[in-house]
Amino acid sequence: MNQPTRIELLFDEPVVGESKFGAYYLYAVRNGDGATEYSFFAPDEVHEKLKDLKKGTKAVVTKLAEQKGTKILTKYDVQVEGAKQPLKLHQPSTIVPQTSDGFYEMMLQSCKDAVRIQTDLGGLMDPKSLAVTLFIARSKVSGG
């Protein structure tokens with residue numbers, strides 16, 4: 001989350017399939033240091049940026065989280081190396097805390113953790129509910 005990840009495509013096309021969760025796009029990629037190969041299930045918006053690229057193309061993919069009201073929205077920033085114009089899907093906004101009581105930081109961490117849990121579980125959990133649950137538990141533990 002919010003960490004740029006450099007990848008290199010190992011094939012011209014992904015493996016495309018269908019599961020009970022819908023269509024999937026499986027890319028074989030090498031990480032930024034070139035030492036490790038991974039299977040990357042690209043979300044639809046990332047697939048749209050990668051689908052026409054060829055083997056050997058390098059890109060930087062960043063998953064971003066932003067809170068809009070009560071919802072946590074995830075977006076992806078995809079920048080293809082060597083492209084004339086970087087392909088940007090999202091420009092993160094700056095969130096400025098309004099209080100210094102510690103709840104902002106606690107909620108922000110709860111939201112980040114909720115999105116990470118959702119990702120680790122393949123989207124099976126609602127990040128809003130997870131974030132609220134984590135926030136309540138943390139605020140009780142910290143005496144808030």
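The values are calculated or read from the model by the stated rules, or taken from the named source; none is laboratory data. The structure presented is a predicted model; accordingly, all values stated were derived computationally and were not measured. A quick note on method: Cβ atoms are made from the backbone with ideal geometry, for glycine too, and the neighbour counts reach across all protein chains shown.
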GLU45 fails exactly one of (1) at pLDDT below 90; (2) surrounded by 10 or more Cβ atoms within 10 Å (Cβ to Cβ); (3) of a type in the set (D, E, K, R), namely (1)
Cβ pairs under 7 Å, 6+ apart or interchain, first in the range 1-17 and of a type in the set (A, V, I, L, M), second surrounded by 14 or more Cβ atoms within 10 Å (Cβ to Cβ) and part of a loop (DSSP other than H, G, I, E, B), ordered by first then second residue, are LEU9/LEU53; LEU9/THR57
Within the range 115-130, residues being touching a Ser or Thr at 6+ places or on another chain (Cβ under 8 Å) and closer than 11 Å to MET1 by Cα number 1
Note on the range 17-36: residues surrounded by 12 or more Cβ atoms within 10 Å (Cβ to Cβ) and more than 13 Å from THR5 (Cβ to Cβ) are TYR24, TYR25, LEU26, ALA28
